[in-house]
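Okay, so here's the structure we're looking at.
Quick note: the coordinates plus some simple rules give every number you see, no bench work behind them. Not measured: the values here are computed from a predicted model. Neighbour counts run over all protein chains shown; Cβ positions are idealised from the backbone, glycine included.
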Amino acid sequence: MKKIRVLLVDDHEVVRSGLRRLLELNGDIEVVVEADSGERAYLICKDTEFDVIVMDLSMPGIGGLEALRRIVQKDPKAKVVVFTMHENTASATQALSAGARSYVIKSGPADNLVTAVREASAGIGYISSSISQKIVLQDISGEYDPIKSLSTREFEVFRMLAEGFHIDSIAYNLNISHKTVANYQSSLKQKLGISSAVELVRLAIQSGVIAKIKPNIELISTSPLYVHGKN
């Protein structure tokens, strides 16, 4: 029987080890490569094709959403299963819009991930029931969520600003210019109806995009994908 070849992407080694065991308990799934960052996952995918990619969203550097966008841009047929702690509709909508086949939350039953990997391999999408219910209820209620109107790139800039990244750090990690990030920052204020960094962080927390206020981490990725001044 041909096994489903999986690329496993998560920045925590212990988590990857547990997920590898979980997936490989099933004789039809094999984790053939692991990556600890979105940058590394993208570089691996440039040279190797996988049946399914299992990827976290919250990682240092470019993060899972930007890595997802780049991977799908390179290979529109890539089958990506997002496996994340984010249980908000905005993150799910953004991931699916960026090209993810499935969206699975880490707090759900362990076998959900196994099912999602098998379904993705067969070309079928899978969304954790709690997330799909939230999306349906939000649609029925007619509740407007301004964050869902953001593009993938706008959402990543929004998330990174909320997490305390400096504009220069965002530019470095997303491989865009300082001016482009500043333009995104201005457009976000208009789209989201906010006027300050405090309001931006508050909205991110209320929407579940970030769990809590974080210190100004000023993270700068060592990604070889960055070209200064590129838009």
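Tell me the Kirkwood hydrodynamic radius of the stretch 45-90 in angstroms, computed as one over the mean inverse distance between distinct C-alpha pairs.
Computed over Cα pairs of the stretch 45-90, the Kirkwood hydrodynamic radius comes out at 11.3 Å.
By how many nm would the segment from K179 to K3 lengthen if fully extended, with 0.36 nm per residue of separation less the alpha-carbon distance?
58.7 nm
Under 20 Å from a label point 7 Å along Cα→Cβ of D168: give me every residue in the stretch 61-79 with its amide N that close.
It comes to 61-62, nothing else.
Determine how many Å³ per residue the convex hull of the Cα atoms of the stretch 1-71 encloses.
Hull volume normalised by residue count: 69 Å³.
Distance check, please: which entries in K134/K189; K148/K191; K79/K189; K74/K191 exceed 22 angstrom between their Cα atoms? If you can, show how the numbers build up before the last one.
Details: K134/K189 26 Å; K148/K191 11 Å; K79/K189 34 Å; K74/K191 29 Å.
With Cα atoms farther than 22 Å apart: K134/K189; K79/K189; K74/K191.
How much length, in nm to one decimal, is gained on full extension between L137 and V33, taken as 0.36 nm per residue of separation minus their Cα-Cα distance?
Stretched out fully, the L137 to V33 stretch lengthens by 33.7 nm.
Counting helices only, and only those DSSP H runs with n ≥ 4, report the 222 nm mean residue ellipticity of the chain as the sum of -39,500 (n - 2.57) divided by its residues, in deg cm²/dmol to the nearest 500.
-14500 deg cm²/dmol
Report the extension gain between K148 and V198 in nm, rounded to one decimal, defined as 0.36 nm multiplied by the number of residues separating them, less their alpha carbon distance.
16.0 nm
Which percent of the Cα-Cα distances in the chain go past 22 Å?
Counting pairs separated by more than 22 Å, the tail of P(r) holds 51 percent.
Restrict the search to the stretch 104-211; then list the GluC sites (Glu not before Pro) that DSSP places in a loop and that have at most 10 other Cβ atoms within 10 Å of their Cβ.
Passing sites in the stretch 104-211 are E143.
Rg and Dmax in Å for the stretch 4-139, alpha carbons only: what are they?
Radius of gyration, then largest Cα-Cα span, for the stretch 4-139: 13.5, 41 Å.
Sequence gap at least 6, Cα distance under 8 Å: using those rules, report the relative contact order of the stretch 1-107 to the nearest whole percent. Please report the intermediate quantities before stating the final value.
Details: 185 pairs, mean separation 25.6, N = 107.
Computed value for the stretch 1-107: 24 percent relative contact order.
Rank the residues V81, V32 as a footprinting-exposure proxy: fewest other Cβ atoms within 10 Å of their Cβ go first. Present the calculation step by step, with values, prior to reporting the outcome.
Working: V81 25, V32 13.
Lowest count first: V32, V81.
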